[in-house]
Structures are given as C-alpha cells and as structure tokens.
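Below is one structure, written out as structure tokens; comments come after it.
No lab work stands behind these numbers, since they all come straight from the coordinates. All values derive from a computational prediction rather than experimental measurement. We place every Cβ from the backbone using ideal geometry, glycine too, and count neighbours over all the protein chains shown.
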Amino acid sequence: MIENLALATAMVGLTVIIHFTGLLLLMHMLRMRGHHFRVHESTIGQGVLIVMVVLGIFAIHTAEIWAYAFVFQAIGAIDGFEQALYFSTVNFTTLGYGDIVLSEQWRLFAAIEGANGLILIGWSTAFLLAVTTRMRTLEHDWLDKDQS
C-alpha cells in the first residue's frame, strides 16, 4: 500500500505541474497572440481563440494521460502500451468501463488517477470559463468605448 500511495503522490505532483505549466503557456499564448484575432471585433476571432484554448487543454490532458499509461506499463500492471493508454484514458476521465481490471496490488493507484483526472478536468473547465468570461468582459468594455 505504501508503494501505491508513494507512486500515486508522485504522479499527482507530476500531473499538477504539467497542468499548471500548460495553463501558464496557454495564458502566455493568449496574451501574446490574442490581439492578432481582434477578439473585440470579430466573432470568428473569438471562435478561433476558444478553439485554440480547447485544443491546448486537450493537449495538456493527453500528456497527463500518457504519463499515467507509461507508469502502468513500467510497473507491469498492464501489458502493452495501447492497453495501458486505453485504461489510463478511461480511468483519468472517470468513465470506468471495467473491461480492464488491475490486480489488487495496483487498484489504489488506479483509483487515485481517477480522482486526479476529475480534479484536473475541473480545473480546465474553470480555466475555459475564465477565458470566455474575460473575452465577454473585454467585448463589453470595447462596445462601451465605441458608444461613448
């Protein structure tokens, strides 16, 4: 059990760092490139920006899922990377199909991946909501300036 908890703690730490770094890079991209899309003037520009953010978030989650898949394979919990990736994706997203079941030795580690994924997906949702709220606020600020 100690081995499970130690590995799970390390993976939670790693995925939180991946997530935080990824969101920082997305914010940097928004600050540096957002004006190119003339977000305040164009619905298409806003759409492009939102799609870029969503794809960025998807890339962050993909890296986190792959990290868990590598660990599942490295510890011998699952044979074959494709199965490890599938299991990790199902676990991280908390779908839990149950078609691949780990030995008792690694079930706690897998369960913590599910809790970790749930929290990180929630964090991504909050980030996306903050971005869209900020875009709407800026749009209203620019409209107010144009009307005055």
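Side notes on the structure shown:
- Between the beta carbons of Ala6 and Glu82, assuming R0 = 30 Å, the FRET efficiency works out to 0.65 to the nearest 0.05.
- Of Phe127, Phe58, Phe87, the sequence from fewest to most neighbouring Cβ atoms within 10 angstrom is Phe58, Phe127, Phe87.
- In sequence order, calculated HN-Hα J values of the range 19-29 (Karplus, 6.51, -1.76, 1.60; Hz; x Gly/Pro): 5, 4, 5, x, 5, 4, 5, 5, 4, 4, 4
- Of Ile119, Ile18, Ile75, the one that fluctuates the most in a GNM where the chain has Cα springs shorter than 10 Å: Ile75
- GNM result for the chain, Cα springs below 10 Å: residue of Gly45, Gly13, Gly98 fluctuating most strongly: Gly98
- Here the Gaussian network model covers the chain, with springs between Cα atoms less than 10 Å apart; of Ala115, Ala69, Ala126, Ala126 fluctuates the most.
- Under the Debye formula (equal points on every Cα, no solvent term), log10 I(q)/I(0) of the chain at q = 0.14, 0.15, 0.16 Å⁻¹: -0.71, -0.77, -0.84
- Phi angles of the range 67-77 translate, via the Karplus equation with coefficients 6.51, -1.76, 1.60 and θ = phi - 60°, into HN-Hα couplings of 4, 4, 4, 4, 5, 4, 6, 5, 7, x, 6 Hz per residue; Gly and Pro are given as x.
- In sequence order, the range 80-85 has phi-based couplings of x, 5, 4, 5, 5, 5 Hz under the Karplus curve 6.51 cos²θ - 1.76 cosθ + 1.60, θ = phi - 60°, and Gly or Pro positions carry x.
- A DSSP coil position with no more than 16 other Cβ atoms inside 10 Å describes the following trypsin sites (Lys or Arg not before Pro) in the range 1-108: Arg38.
- Contour minus Cα-Cα distance for Met32 and Leu118 (0.36 nm per residue): 28.0 nm
- Estimated [θ] at 222 nm from DSSP helical runs (n ≥ 4, -39500 (n - 2.57)) normalised by residues in the chain, nearest 500: -28500 deg cm²/dmol
- Furthest towards positive pole of dipole, Val12, Ile2, Phe81, structure part the range 2-147, Cβ charges: Val12
- Check: the chain dipole with +1 on Lys, Arg Cβ and -1 on Asp, Glu Cβ, in debye: 460 debye
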